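Reading through the structure tokens given below for one structure.
FYI, it's all coordinate maths here, none of it is from the lab. Values in this document were obtained by computation on a predicted structure and should not be read as measured data. For neighbour counting, all protein chains shown are included, and Cβ atoms are generated from backbone atoms with ideal geometry for every residue, glycine included.
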Amino acid sequence: MGITTILLIVAAVVVLAIIFIYNSLVRLKNRTDEAWSDIDVQTKRRYDLIPNLIDTVKGYAKHEKSLFEKVTKARGEAMNAQGPAEQGKAENVLTGALKSVFAVAENYPQLRATENFQKLQDELSDTENKIMAARRFYNANVRDLNTKIETFPTNFFNQLLKFQKREFFELDDAEAAEAKQPPKADF
């Protein structure tokens with residue numbers, strides 16, 4: 001076996017390694033993008049439910065104008081948030097505002113008894129559960145992608161491939177324990 005053959009074999013192995021690493025990174029990147037899309041779908045569903053909830057509660061609690069403005073502002077900020085870190089912070093604020101709405105609703109037994117309110121409450125609770133599941137799926141994919149980028153030999157070849165690490169979609173530490181459960185909505 002000549003030196004040329006050995007060099008060709010080494011070059012072929014390096015090229016195959018780069019192709020394998022590139023394809024595995026693309027796969028992980030696409031799964032991470034898909035997982036973020038799942039979060040986006042569920043948060044949009046949540047944002048669509050909020051105006052209906054506010055309209056339903058407004059009929060009973062007309063004097064709570066500042067609360068409704070707070071929820072509307074938090075919803076707008078969450079809808080316009082960019083990236084996992086900003087989105088997580090905005091979602092925390094929105095969750096707190098929604099908890100305030102449910103707390104106010106406790107003072108109105110007629111409101112709690114309406115079918116429309118019950119349905120909205122159930123849909124929001126279901127959506128919160130789906131957001132948590134989507135967040136776990138996204139964070140698992142981010143973990144896998146980041147680990148792949150940081151481990152040898154991918155980290156060596158990634159200097160050429162230029163894949164970027166992703167941010168986790170996390171809740172603030174102060175609210176993390178409480179937010180693991182969907183907002184209580186049992187009236």
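Would you mind checking K29/K130; K58/K130; K73/K99; K44/K65; K29/K148; K70/K99 for any pair whose Cα atoms are more than 18 angstrom apart?
On the way: K29/K130 22 Å; K58/K130 27 Å; K73/K99 15 Å; K44/K65 24 Å; K29/K148 10 Å; K70/K99 12 Å.
Beyond 18 Å between Cα atoms: K29/K130; K58/K130; K44/K65.
Tell me which GluC sites (Glu not before Pro) from segment 25-74 have a DSSP coil assignment and no more than 10 other beta carbons within 10 Å of their own.
In loop regions of segment 25-74 (DSSP not H, G, I, E or B), there are no sparsely surrounded GluC sites (Glu not before Pro).
Quick one: what are the phi-derived ³J(HN,Hα) couplings along segment 40-48, Karplus 6.51/-1.76/1.60 with θ = phi - 60°, whole Hz, x for glycine and proline?
Result, rounded to whole Hz: 4, 4, 5, 5, 5, 4, 4, 4, 5.
Apply the Debye scattering formula to segment 58-154, with a single equal point scatterer on each alpha-carbon and no solvent, then give log10 I(q)/I(0) at q = 0.13, 0.15, 0.23 Å⁻¹.
Debye output, listed in q order: -0.60, -0.73, -1.24.
Take the alpha-carbon positions of segment 1-68, form their convex hull, and give its projected area averaged over all directions (one quarter of the hull surface) in nm².
On the way: hull surface 25.7 nm².
The number I arrive at for segment 1-68 is 6.4 nm².
Per residue, how much space in cubic angstrom lies within the convex hull of the C-alpha atoms of segment 39-113?
76
Can you tell me the dipole magnitude for the chain around its Cα centre, using point charges on the Cβ only (Lys, Arg +1; Asp, Glu -1), in Debye to the nearest 20? Could the numbers behind the result be given before it?
On the way: 26 positive and 26 negative charges, 73 e Å.
It works out to roughly 360 debye.
Given the C-alpha centroids of segment 55-72 and segment 73-105, what is the distance between them in whole angstrom?
Result: 16 Å between the Cα centres.
Over the Cα atoms of segment 13-179, compute the convex hull volume and normalise it per residue, giving Å³. Can you show the working numbers first?
Details: hull volume 17.7 nm³, N = 167.
Once divided by residue count, the hull of segment 13-179 is 106 Å³.
For M1 and A103, compute 0.36 nm times the residue count separating them, minus their Cα-Cα distance, and round to one decimal in nm.
Gain on extension, M1 to A103, equals 28.7 nm.
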